[in-house]
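The values are calculated or read from the model by the stated rules, or taken from the named source; none is laboratory data. Given the structure is predicted, the values throughout are model-derived calculations rather than measurements. Cβ coordinates were reconstructed from backbone atoms using ideal geometry, including for glycine residues, and neighbour counts include every protein chain displayed. These accessible areas exclude ligands, DNA and RNA; they are computed on the full protein's heavy atoms, side chains included. Shrake-Rupley method; radii C 1.70, N 1.55, O 1.52, S 1.80 Å.
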Amino acid sequence: MERSRSAFAALGLLLACALAGCSSQDPVPKVAPASGMSESVSPSASDPASESATATPSKKARPVAVVRSWVAARNKALRGEGVDDVRELSAPSCRTCDGLIEPIEEIYSSGGHFDTAGWRIAKARLRSTGSSRAVVDAGVVMAGGTTVSEAGATPNEYPPERHMAVFKLQPSEKGWLVSFLGFLS
């Protein structure tokens, strides 16, 4: 148990260091998956088709593809295109999902809006999978931008950020659903 925690901490530190030096012009960091972890997906950040290609995963989509689709659906919600897609990819019990979706609903219902490119998955890797859950570790690049919290409000500006995140997924009749999202950094 202690050995796996140490290995995960080392991987997290390595990914955080790799992401810390990234800019939008830098190549996506390359990190080898841990032994036994075969699913690692890292489409080019400059390839918009890679983001939209995962916006609606198939029923048998792999956990990493579902994480990318969840982020793409949340970005769609930030653009004012509704939260239905991101809710469809979230487990009903996912409180952390609700904590990232409900503010979007509230801002748009108050006449506000977001001006941001949203999130981008710089690197994602399947840490573990089983019949009842999957865990995906991801480097998340959050674009800077502005939020207008309600009609006529002063825009709130925020800088870009980079974080390490853990997505937990659970199976359903629709396929994998995000059941937890936590940030390690």
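What to note about this one:
- The 3J(HN,Hα) values that the Karplus relation (6.51, -1.76, 1.60; θ = phi - 60°) gives for region 81-91 are, in residue order, 9, x, 9, 4, 5, 6, 5, 5, 8, 10, 5 Hz. Gly and Pro appear as x.
- Base-10 log of normalised Debye intensity for region 60-184 (one unit scatterer per alpha-carbon) at q = 0.09, 0.13 Å⁻¹: -0.25, -0.51
- Per residue, in Å², the accessible surface of region 112-172 once ligands and nucleic acids are set aside, probe 1.4 Å: 45 Å²
- For CYS94, no residue whose modelled amide H falls within less than 5 Å of its own remains once neighbours fewer than 5 places apart on the same chain are excluded.
- Model label sites at SER185 and ASP115, defined 7 Å from Cα along the beta-carbon direction, differ in position by 3.1 nm.
- When peptides 68-79, 96-107 are sorted by average Cβ neighbour count within 10 Å, with the highest value leading, the order is 68-79, 96-107.
- Using a probe radius of 1.4 angstrom, the carbon and sulfur fraction of the accessible surface of region 93-171 is 49%.
- Per-pair calculated FRET efficiency, R0 = 22 Å: GLU173 and VAL135 via Cβ, rounded to 0.05: 0.55
- Multiplying the residue separation of ALA153 and SER128 by 0.36 nm and removing their Cα-Cα distance gives an extension gain of 4.6 nm.
- Positive minus negative residues near PHE180 (Lys, Arg vs Asp, Glu; Cβ under 10 Å): +3
- Largest accessible area first, the residues THR129, THR154 order themselves as THR154, THR129 under a 1.4 Å probe with ligands, DNA and RNA left out.
- Value of relative contact order over region 60-184, rounded to a whole percent, pairs C-alpha under 8 Å and six or more apart: 27 percent
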